[in-house]
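Following: one structure in structure tokens, then a few remarks.
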Amino acid sequence: MIELFGGHNRWLILLALIVALTLAVYPLPLDWRWWRPEFVVLVVLYWVFTLPDHTSLTLVWLLGLAQDLVEGVPLGQNALALVVVTYIALQSYRRVGNYALWQQACWIFLLVGIAQLTGNWVHSLAGGDISGLQFLYPALTSAILWPLCFLGFEALRHRYRIQ
């Protein structure tokens, strides 16, 4: 993830991750559970795109393990998905930084879709049931939410001078 204690006001990154983990398990009505955005992936991707030099795949993996424990899914499901998506984001951050917000949202849709596909694969290996393409709904809601997340985090990053 990001080196949390090496810079000025980096506590905000840790706070954003804690809020994202909380939103990942916040109770929703059963009809809406398929539409829950992937908040942890969105936060990680924002900080990877913003501070790629301070990104550690080991910390992302540990964050994914924490998310596995919080959500009660097979150990390694979110960890593997986060590492795969973070690696792809690290390879493409220069290009994505030049995209318009709607183009970034399309890229976020693909990345979250890859995370969902990876998580669904691990879930099926653990003996879980697979049901159609519903597992991709969070990719759509995450892509729709991306411009708001991006603009909100940009405002916080500039206000607290995180570099």
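The values are calculated or read from the model by the stated rules, or taken from the named source; none is laboratory data. Here the structure is a predicted model, which is why all the values come from computation and not from measurement. Positions of Cβ are backbone-derived with ideal geometry, glycine not excepted, and every protein chain shown enters the neighbour counts.
Results, tabulated for the structure shown:
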quantity: Listing of helices (runs of 4 or more DSSP H) fully contained in the range 55-163 that carry 2 or more residues being aromatic (Phe, Trp, Tyr); calculated: 77-96, 101-125, 137-159
quantity: Matching residues in the range 53-63 - criterion: being crowded, with 17+ Cβ neighbours inside 10 Å and within 26 Å of Leu101 (Cβ to Cβ); calculated: His54, Thr55, Val60, Leu63
quantity: Subset of the range 60-77 (residues that are without any contact (Cβ under 8 Å) to a residue 40 or more places away in the chain and charged (D, E, K, R)); calculated: Asp68
quantity: Scan of the range 104-163 for residues that are in contact (Cβ under 8 Å) with a residue 40 or more places away in the chain and of a type in the set (Lys, Arg), ordered by number; calculated: Arg157, Arg161
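Table: residues versus (1) in contact with a helix residue (DSSP H, G or I) (Cβ under 8 Å, 6 or more places away or on another chain); (2) at pLDDT 95 or above; (3) among the aliphatic types (A, V, I, L, M).
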| residue | (1), (2), (3) |
| --- | --- |
| Leu21 | yes, yes, yes |
| Pro37 | yes, yes, no |
| Val44 | yes, yes, yes |
| Asp53 | no, no, no |
| Gly64 | yes, yes, no |
| Gln67 | yes, yes, no |
